[in-house]
Each structure stands twice: as C-alpha cells, then as structure tokens.
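Following: one structure in structure tokens, then a few remarks.
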Amino acid sequence: MASPPPGAPAPLTPGAAAAKRPAAQASADGRPDGGAGAAPSGSHATSAATYAAAQYQVEFEHRWGHLTRPHVRALAWLLDAPDLLDPDAPQWQGHIASLGPLTAQTADWLAALERDPSALEAALGARHYSRLGLYAEKLMAFYFAERGQLYAHGLQVRADRTDTVGEFDFLLREGDELVHIEFATKFYLLDHASADFNGLVGPNLADTLGAKMRKIFDKQLTLSQHPAAQPLLPQPVGRAQALVKGWLFYPGVDGAPAMQGISRRHCHGFWMSYEQARQLPEQPYAVMPRMQWLAPLKTRESLDKQTLLAALRDQPAPVMVAALKPEGDWLVEQHRGFIVPDAWRAQAAQRRHEGALPA
C-alpha cells in the first residue's frame, strides 16, 4: 500500500490577499465586490497575452508520463494542474484556495499508487460514477484523508429534518481551527467576444462561470456562519475558500486571452462547430467520455479524422475530443476541444435572450 503524502505543510494556501475575512459578496459578473481592486466586467488584463494551447499537455506528460492508470492520472491532475482562478487576484479578496506546488514526496506517493492502486480503488468504491464533480470530490477526499487533514466531506447542514441549508464540501483540520473548502471542477466555453465570466458557459448551456462564482460567494462560503451549522463544528472555521480546477475553451486554436481573475496558466483548449471541424488536420483523435475530462488523455485507441467526423455528425450536444500523438506504445493528448453542433452559438444567444443565461 502506498505511504500517505506528508501532512505538513498545509496543502491549501490563501494567496497573497488576506484569508480570514467573512466571505465576500459576488458582483453581477460573478466576481466578489472588491472596491477599487475589482476588475471591470468584460475587460482583458492584457489583450496581447496568449499562450500555446498544447503547452500544459506537454508539461503533464513530461512530469507524469509514468502514470497510466486513469484514476491515478486524474488525481495527479487535480493536485498538480494550474489553478483555474488566480488566488492572488484582488477581486477574490483571499477567498480562492490553492494547493501550491506539488512536493517530491507527493509525487512519490502517486508513483506508489500507480504500482498499487488498491487504497485509491477502495476509497472510490465499486460504484459507477456518472457525475464528474462527485468523482473529483472523492479523489480529493482520498488525498485529504491520506494526509490526516480530513474532518468531514459532504457534511449536510439542516435547519430541520426537511430543510437542508447547504453542504460543506470539505472541512479540513488546521491547528486548532477548521478550514472550509468549497471544491469545484468546471468546464466552460467562451461563447462571445466579451471576456467576462458570464461569457464562459457550460457546454450544455445550463450555467456560466459568473453564476457559479456568485453561488459560491453569496451562499456556499458563508455556510459556517449559519446557526444550524454550529452544532456540527467542534472547532471554529478559521477561513472559507473555494478551490476551483478545470478547463476553459476558446473559439479556434490560437490560444487563450488573459482575463482578470483567471490564472494565466490555466488549462485551456479550443471549441469549434462541426462544420469548422472539417478543417481539422489528419491525425489520430479520441472522443473523451465525461469521466475522463480531468487529466490529459493517454490511450491505445484512436479514430482517424473521417471516422471522428462521422461519429460527431448527428450529435445533439457538444462533444469533447482529444487530438493525439504517438509516444512510445501510447497515444497521448496533444490538445483538446469541444466540437459543438452548428447551431450551438445561436442556441446560447437564444438562452440569453430568454433569461436562462446571464446576458
């Protein structure tokens, strides 16, 4: 069985901004109100800042190419991927958590899990996961438990037997206090030119990054202050923060714009319509099942371009695909993106017009 990663120092850092404040209220675009430090909605930090779309996949394979088990690779991605949100951005007021650099000891622990995954598999259980967020939470719960930090995971707060106030994603032990962590793993597509958080929409057009951050800041991070939560807390909650991982997807394949509040090194890919996908280069591809969206894909199976296009032709919803390149006996992800139905952007505009998505 793999030895647990060392329990100190604490894995969550509050960033340069202060951490022990009441949770901030979110502004209309999903950023918390930050006074003079808040970013104006829709602005670019620097319009010239873009970076190579495939860079992260190269780095991941260089560091973690020895990991081939999907669960272990997913856990490695959660622990080592760049933050989606910039913990030091002033608009977050210190309420964005970061795992910080991954230590050599934790890297050794992951390598040991690759050799013997029994502890990780036991923690995940025999269930078939259909919700990616729950699967990611279970992986993180395993990590925190192995470090000896986990006090509670998925702890519901009820005002009475029929009224659920909310749920703590994670309560972690830190000295004589608890740390409340709201955890999210999200995937959003920028669907129009203005680079604000309401322009980043879920592939199924059900939510936006702005709406998600408003919910986290306005409701979830204040949960420990609710009277119904007090009997569940053996120690005071010293800070409440959001830990957000994920991928953002931008039109075309040229790179990602820099956006205030978003980590400059965040994981990102492209999106394009089915018609545009006809111009993809000839190379191996794979359709990525939802439960494999976390880490860069490593596989031995692929589709050629024509087979991929045939498989996507009548899909009613966006599909994530990976462009692959050979590496030894494997095919590894070079870059990834969503292929969306040709009417997807018009559908997004219609949902905004109807008020189902923020304008």
Inset, instruction - Could you tell me which residue of the range 287-318 is nearest to the chain's Cα centre (by Cα), considering only residues that are surrounded by fewer than 21 Cβ atoms within 10 Å (Cβ to Cβ) and assigned to a strand (DSSP E or B)? - result: Val287
Inset, instruction - Can you tell me which residue within the range 122-140, out of those that are part of a loop (DSSP other than H, G, I, E, B) and among the basic types (Lys, Arg), is nearest to His226 (Cα to Cα)? - result: Arg131
Inset, instruction - Please find, within the range 319-335, the residue that is nearest to Glu61 (Cα to Cα) out of those that are among the aliphatic types (A, V, I, L, M) and more than 19 Å from the chain's Cα centre (by Cα). - result: Val332
Legend entry - Options Ala348, Ala356, Ala310; residue that is without any contact (Cβ under 8 Å) to a residue 40 or more places away in the chain, over 27 Å from Pro82 (Cα atoms) and of a type in the set (Gly, Ala, Ser): Ala310
Inset, instruction - Can you work out which of the residues in the range 51-81 that are modelled with pLDDT of 95 or more and either hydroxyl-bearing (Ser, Thr, Tyr) or not in a helix (DSSP H, G or I) (or both) is surrounded by the fewest Cβ atoms within 10 Å (Cβ to Cβ)? - result: His66
Inset, instruction - Among the residues of the range 82-128, write down those that are of a type outside the set (S, T, N, Q), under 16 Å from Ala141 (Cα atoms) and within 17 Å of the chain's Cα centre (by Cα). - result: Ala97, Leu99
Inset, instruction - Of all residues in the range 258-311, count the ones that are β-branched (Val, Ile, Thr) and farther than 29 Å from Gln347 by Cβ. - result: 1
Legend entry - Verdict on Val179 being touching a residue at least 12 places away in the same chain (Cβ under 8 Å), within 29 Å of Leu357 (Cβ to Cβ) and not basic (Lys, Arg): no
Inset, instruction - Residues being within 14 Å of the chain's Cα centre (by Cα) and in a helix (DSSP H, G or I): count how many of those fall in the range 217-253. - result: 0
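The values are calculated or read from the model by the stated rules, or taken from the named source; none is laboratory data. Since the structure is predicted, the reported quantities are computational estimates derived from the model, not experimental observations. With ideal geometry, Cβ positions are generated from the backbone for all residues, glycine too; neighbour counts draw on all protein chains shown.
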